[in-house]
1. If I take every Cα pair under 8 Å that is 6 or more residues apart in the stretch A:1-110, average their sequence separation and divide by the length, what percent do I get for the relative contact order?
2. Over all distinct alpha-carbon pairs, what is the Kirkwood Rh of the protein assembly as shown in angstrom?
3. Just to be sure I follow the rule: in chain A, considering lysines 8 or more places apart or on different chains, how many pairs have Cα atoms under 21 Å apart?
4. Identify unpaired cysteines across chain B, taking unpaired to mean no other cysteine Cβ lies under 4.7 Å from the residue's Cβ.
5. Which residues make up the longest stretch of chain B that has no chymotrypsin sites (Phe, Trp or Tyr not before Pro) in a DSSP loop with at most 13 other Cβ atoms within 10 Å?
6. Work out the mean other chain Cβ neighbour count within 10 Å for the residues of B:30-43 and drop it here as an integer.
7. If you only keep lysine pairs separated by 8 or more in sequence, or across chains, how many in the stretch B:1-104 come under 24 Å at the Cα atoms?
8. Apply 1/(1 + (r/R0)^6) to the Cβ-Cβ distance of A:T9 and A:R114, taking R0 = 25 Å, and write down the FRET efficiency to the nearest 0.05.
Amino acid sequence: AQKVTQAQTEISVVEKEDVTLDCVYETRDTTYYLFWYKQPPSGELVFLIRRNSFDEQNEISGRYSWNFQKSTSSFNFTITASQVVDSAVYFCALRGVGANSKLTFGKGITLSVRP
Amino acid sequence: DTEVTQTPKHLVMGMTNKKSLKCEQHMGHRAMYWYKQKAKKPPELMFVYSYEKLSINESVPSRFSPECPNSSLLNLHLHALQPEDSALYLCASSRWDNSNEKLFFGSGTQLSVL
């Protein structure tokens, strides 16, 4: 069985602060894929990143960075110098391999960035 | 063009109505998905179509009937819904139904059942 835990439910920061969104996962698969999606108030889920279980390199994309730690089953997401447009719900998700594997989402973290 | 387009954006229907939700993508993706999302909850998978064939049905009640007329279109036919079916219905697509494929989501249809 797969499980994704996003223990933080709501985070509020002031613009330009750095913020880290935590994600911890459980899976019995040796190969799996981790994702982060952003859901702004408009509703669509926007893909942010995909990471496979064999690639533990951290990744940076502009103000976004991700820290994958297989030893602690965590895949945390940091936004540097947050902006009001970063306000959204952020979902971490996990998918194993196999024909019928499905994307398992965490409960999501609501991030509010105040001006 | 990296869009998944869903219509209508909002829908209000009575419990005896029949309506359909539509989803369209022109990215050449061969896997399409329906998800249901209640307020303040994560999306829940309903159906997966792979190469226009239904590959996953997550034990969804028969009052929801999916249809994939061609590789670009995905419909969800609704009949005799219940108020608890009110939710955001999200369509998604991916190149293939493969574990490592990222899903592209539409903006959803906000459904209210009265």
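1. 37
2. 18.3
3. Final tally of qualifying lysine pairs is 9.
4. B:C68, each lacking another Cys Cβ under 4.7 Å.
5. Maximal segment without exposed cleavage sites: B:1-50.
6. 3
7. Lysine pairs satisfying the spacing and distance rule in the stretch B:1-104 number 26.
8. Given R0 = 25 Å and the Cβ-Cβ separation, E is 0.90.
All of the numbers you see were taken from the coordinates with simple rules; none came from a lab. Predicted model only: the values in this text are computed from it and were never measured. With ideal geometry, Cβ positions are generated from the backbone for all residues, glycine too; neighbour counts draw on all protein chains shown.
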